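Let me begin by presenting the structure, written as structure tokens, before commenting on it.
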Amino acid sequence: MDLTINDRTVQVTASDDTALLWVLRDLLGMTGTKFGCGMALCGACTVHVDGKPVRSCVLPVSAVVGKKVTTIEGVGTTATGHAVQEAWKQLNVPQCGYCQAGQIMSAAALLVDKPAPSDADIDAAMSGNICRCGTYTRIRAAIKQAAGKNS
Amino acid sequence: MSAVLKPESSLSRRTFIATLAASGGLVVIGSATRILTAAEAEKYGADGMPHGTVDNPLVFISIGDDGLVTIAVHRSDMGQGVRTGMPLIVADELEADWSKVRVQQAPADEEKYGNQDTDGSRSTRHFIDPMRRCGAAARAMLEKAAADTWKVPVAEVHALNHEVVHEKTGRKLGYGALARKAAKLPVPAQGALTLKTADKFRYIGKEGTLLLDGEDIVTGKAQYGIDPWFEGMLFAVIARSPVLGGKIKHVDDAEAAKMPGVVKVMEMPPTVADAEFHTLAGVAVIASNTGAAIKARSALKIEWDDGANGGYDSDLYRAELEKAARSPGQVVRQDGDFDGAIAKAARKLEAEYYLPHIAHATMEPPSAVARIVDGKLEVWAPTQAPQVTRTDISKHLGIPFENVTVHVTLLGGGFGRKSKPDYATEAAVLSKAMGGRPVKVTWTRDDDLHHDYFHTVSVEHLQGGLDASGKVTSWLHRSVAPSIGSIFGADPKHELPFEMGMGLINLPYDIPNIRLENPEAAAHTRIGWFRSVSNVPHAFAVQSFVAELAAAAGKDHRDFLLDLIGASRLIDPGSQHDTWNYGESPKRYPVDTGRLRRVIETVTREAGWGSKHGLGLAAHYSFLSYTAVVAQVEVDKTGYLRIPRVDIAFDCGPVVNPDRVRSQLEGAVIMGVSLATLGEITFKRGRSQQDNFHQYRVTRMDTAPKDIRVHLLPATDWSMPLGGVGEPGLPPVAPALVNAIFAATGRRIRRMPIREQAGAVAG
């Protein structure tokens, strides 16, 4: 099947029900998107499908045919995605960094939806993303910093 | 009569294994004399670790013709920032321009690089001096190369920000131009080196250092152990025995083998006897992608023989621990006469505290990639123990050590789990079974939560006596917990010196009558190091009990705690029968009660102690550093708990990278909140009952404290030894939280996790 990932068309051979995550990671070697739970509980695998954040670990690949998939490798080409990545770097948000691809994808989608999010908006949009290192306070600060640049 | 444990001064998480094997278990001797042989006495710090340290600049530093400086980092980065911290130390002494510094991860090779076990909060404390010497030696070599080029005395030149300068003539040469010549010069002897004085530091101790891996992490380019990818690679998951020690009785793989993408289904070969970290019995499914392997695994029909641990039930085990905690056990420290003193106490208090098993749940689950080409095996692994990984794989596969290469990737979280490289061995075993093809093994989240090396479970029983003035005159602490020693052979059934040395035996309080006991506890699952290790249950119990005693005495908790600590003084760990002392010299690292007092004074002042409702305090010495925490909580009428703010004061001596120290403490606060409010693994029929994050819940953004204030008390005196950073933030968080809940509600919580005990706790 043909998929559109980060504005490129790629061909993959996979059964329809293969989760998009494994297509990205194992078949295409795009390993920026992470595996964390396999049950849409932790957000590490978050990608955008037509701009909306989704958990690729439970999304059958057949569901994204004809849609635009954006991953951490491509999100920096958007103004919001780039602003989020820059804020993450400037505030030294990551510790181990493993969950941060998913965090950044969730944050970028939030800021497109709500350019000046409140704390409650941030809680609602980001609580599906687990960080075991405990970088939540810096994630919140980085979202606000990126929002400031955004406006 | 008091008993002390056999001295094992330089015990590390690795060396103690050998010691255990040599002694046939834990030996208790009936003597109060602390015996150290001369050899033991000299082997402290990094010198007590396998392969010690290396400070050769030619090993760690390379400089290109373009002037780019590449610094090898031989310690593993799991989020503590060592891949930025180590280069920063070298670059400072090297007088390098930070923008021209790159980092390269060293493979497993301790002969070349020195010890690589990244645990025990000791990378910076053990390697700051060797890394400074590396940088200073390279700087001296560059200066000599420039002086030789200009034919001037070396005393007339000096290095400054990536150039060597000859002041008299104004001549300058960049590091790139000098590199080839400098590399051919002899490395100066240690005694000939001039290290910078602290006022000349360019990067060490300064704010504003960005992470060297920041760009790669935020763009998805960073490589973790789960990420290596090769054409033709295969992907595996393994169905492991759900009970520790269980064996396969029968496998029906007919259905699984037919499923799409499946390449092979095979039983895992038996583990080898002399491995430190054994692979578990199981059935591997190897497929064209991980999703296919997971699906096929669920179609396997396996009959298990559960073996001796098939009856493990964490509720029943808790009752067993409680029973043990209510009877006398092995005495590990005795000061004065507890029995006599408690009999005369004006007021007596008794309490028991429970900490369940917890799982590391690193966001990157255990995973690794291996391939074999021409008899040479390469593995890519997120490992805290590179050399152990290499040794274990060599033993398991019968491949000579020199033909095994371990590439250390970034670790997507470690917390102690990735000191145990069973998953890397699995990848190697499966690659061999597939004729050397690259194979990636991924642990699914349920694998991770079912087969972790769990944090120990414990019951801590305390009794205290107060005199008429409310002063503590007697203290009994019985700690009962299965030991990490159980994973390395015969179960010692007692806490090992390094476990007791984490906040049990080294109680730093000025109490005349103390008895510390350690009754037996047998392990029924894999017990392993979890960030801060035994400090977590010990600090939870001790810091909760101090608050309970303060309340019983009708005194302010802070004042009471400071009184208990007593005057500022240096305590010789040997006088507390602590023969371990984090592997460090008791002379160089005594327990400094003045520093403990200062973090308490600082955190209470900053948090507004005495002027706010719902504040709870705890303080703990661990990993040679001093931490105090004040948590602020609000519990509403329905019992809903909020933690709006946590203050943490920290003294680890001199600080190399303050931003990473703060980030470790911020993380420790959140991990502490997580384990205190939610963390619990339970067992029934020998099986861990939690499958994923809906059952093993962890703190998320919405329930994490929004305001975490870190108060660093960095030493400006660089002759002071460094303390640990990665772990010591964690132990006081949970007790500060339950003490805050007590302050807010009058309800005392003695069992972790708090969950619904404060009412309907958020989570």
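Each reported figure results from applying straightforward, stated rules to the coordinates on display, with no laboratory input. Computed from a predicted model, the values in this text were never measured in an experiment. Don't worry about glycine lacking a Cβ; one is built from the backbone with ideal geometry, like all the others, and counts go over all protein chains shown.
What you get for the protein assembly as shown, charging only the Cβ of Lys and Arg (+1) and of Asp and Glu (-1), is a dipole of about 880 debye around the Cα centre. Each residue of the stretch B:106-116 is assigned a 3J(HN,Hα), and the resulting list reads 6, x, 5, 6, 6, 4, 7, 9, x, 4, 10 Hz, derived from the Karplus form 6.51 cos²θ - 1.76 cosθ + 1.60 (θ = phi - 60°), x at Gly and Pro. Each semi-axis of the equivalent ellipsoid for chain B is √(5λ) with λ an eigenvalue of the Cα gyration tensor; in descending order they amount to 41, 36, 24 Å. Counting neighbouring beta carbons within 10 Å and listing from fewest to most, the residues B:Ile754, B:Ile527, B:Ile248 come out as B:Ile248, B:Ile754, B:Ile527. Binning every alpha carbon pair distance of the stretch B:693-745 at 5 Å from zero, what are the percents per bin? Pair shares across the bins are 4, 11, 13, 22, 19, 12, 8, 6, 3, 1. Measuring from centroid to centroid over Cα atoms, what is the spacing of the stretch B:64-143 and the stretch B:308-373 in Å? That distance is 39 Å. Compared with the rule-of-thumb size 2.2 N^0.38 Å for a compact globular protein, the stretch A:2-70 has a Cα radius of gyration ratio of 0.97. The mean number of partner chain beta-carbon atoms within 10 angstrom of a residue's beta-carbon across peptide B:686-696 is 2.
Take each residue of peptide A:24-34, count the partner chain Cβ atoms within 10 Å of its Cβ, and average: the result is 6. Beta-bridge orientation, the protein assembly as shown: approximately 75 percent antiparallel, per DSSP, counting only bridges with both partners inside. A simple spin-label model places the labels of B:Phe401 and B:Trp150 4.7 nm from each other, with each point 7 Å out along Cα-to-Cβ. Of the three principal axes defined by the Cα atoms of the stretch B:498-599, the extents in descending order read 42, 34, 26 Å. Restricting attention to the stretch B:401-525, close to 60% of DSSP beta bridges with both partner residues there are antiparallel.
Label-to-label distance, A:Asp2 versus B:Lys181, with points set 7 angstrom from Cα along the beta-carbon direction: 6.2 nm. Applied to the stretch B:677-693, the Karplus parametrisation 6.51 cos²θ - 1.76 cosθ + 1.60 on θ = phi - 60° returns per-residue 3J(HN,Hα) values of 8, 10, x, 6, 10, 10, 10, 9, 6, x, 10, 4, 8, 9, 9, 7, 5 Hz, with x for Gly and Pro.
For the stretch B:57-218, the Cα gyration tensor yields ellipsoid semi-axes of 27, 16, 15 Å (square root of five times each eigenvalue, largest first, whole Å).
D by Stokes-Einstein for the stretch B:577-631, Kirkwood Rh over Cα pairs, 4 °C, 1.567 mPa s: 103 µm²/s. With viscosity 0.890 mPa s and temperature 25 °C, the Kirkwood radius over alpha carbon pairs of the stretch B:517-563 converts through Stokes-Einstein to a diffusion coefficient of 188 µm²/s. For B:Gln330, nonlocal amide neighbours, meaning residues 5 or more places apart or on other chains whose placed amide H falls under 5 Å from its own, are B:Asn518, B:Glu520. Per residue of the protein assembly as shown, the DSSP helices (runs of n ≥ 4 H) give a summed -39500 (n - 2.57) that works out to -8500 deg cm²/dmol at 222 nm. For B:Glu303, B:Glu156, the sequence from fewest to most other C-beta atoms within 10 Å is B:Glu303, B:Glu156. The share of C-alpha pairs in the protein assembly as shown whose separation exceeds 44 Å stands at 30 percent. Between B:Ala343 and B:Arg747, the C-beta separation translates, for a Förster distance of 30 Å, into a calculated FRET efficiency of about 0.45. The slack in the chain from B:Asp313 to B:Leu210, taken as 0.36 nm per residue of separation less the alpha-carbon distance, amounts to 32.3 nm.
Within 10 Å of each Cβ in A:96-109, how many Cβ atoms from other chains are there, averaged over the peptide? Mind dumping the intermediate values first?
Values: counts 20, 17, 17, 4, 7, 5, 1, 2, 4, 1, 1, 0, 0, 0.
Counting Cβ atoms of other protein chains within 10 Å of each residue's Cβ and averaging gives 6.
Descending by average beta-carbon neighbour count within 10 Å, the peptides B:359-367, B:509-517, B:207-215, B:629-637 line up as B:359-367, B:629-637, B:509-517, B:207-215, the highest first. As a proxy for reagent exposure, B:Glu95, B:Glu426 were ordered by neighbouring Cβ count within 10 angstrom, fewest first; the result is B:Glu95, B:Glu426. In this structure, the amide hydrogen of B:His357, modeled 1.01 Å from its nitrogen in the peptide plane, lies closer than 5 angstrom to those of B:Ile681, counting only residues at least 5 positions away or on a different chain. Couplings 3J(HN,Hα) of the stretch A:111-128, computed from phi: 6, 5, 6, 9, x, 10, x, 7, 4, 5, 4, 5, 4, 5, 7, 9, 6, x Hz, in residue order, whole Hz [Karplus 6.51 cos²θ - 1.76 cosθ + 1.60, θ = phi - 60°; x for Gly and Pro]. Packing, as the average of other Cβ atoms within 10 Å across residues, places the peptides B:597-605, B:380-388, B:321-329 in the order B:380-388, B:597-605, B:321-329, highest first.
The slack between B:Ala198 and B:Lys258, meaning 0.36 nm per residue of separation minus the straight C-alpha distance, is 14.9 nm.
Show me B:686-693, B:82-89, B:221-228 ranked by packing, highest mean number of other Cβ atoms within 10 Å first.
B:82-89, B:221-228, B:686-693
Extension gain for A:Val12-A:Ala63 works out to 17.0 nm (0.36 nm per residue, less the C-alpha to C-alpha distance). Amide H contacts under 5 Å for B:Asp97: B:His162, restricted to partners 5 or more places along the chain or on a different chain, H placed in the peptide plane at 1.01 Å from N.
When the trypsin sites (Lys or Arg not before Pro) in the stretch B:258-309 are filtered for DSSP coil states and for at most 16 other beta-carbon atoms within 10 Å of their beta-carbon, the remaining sites are B:Lys258.
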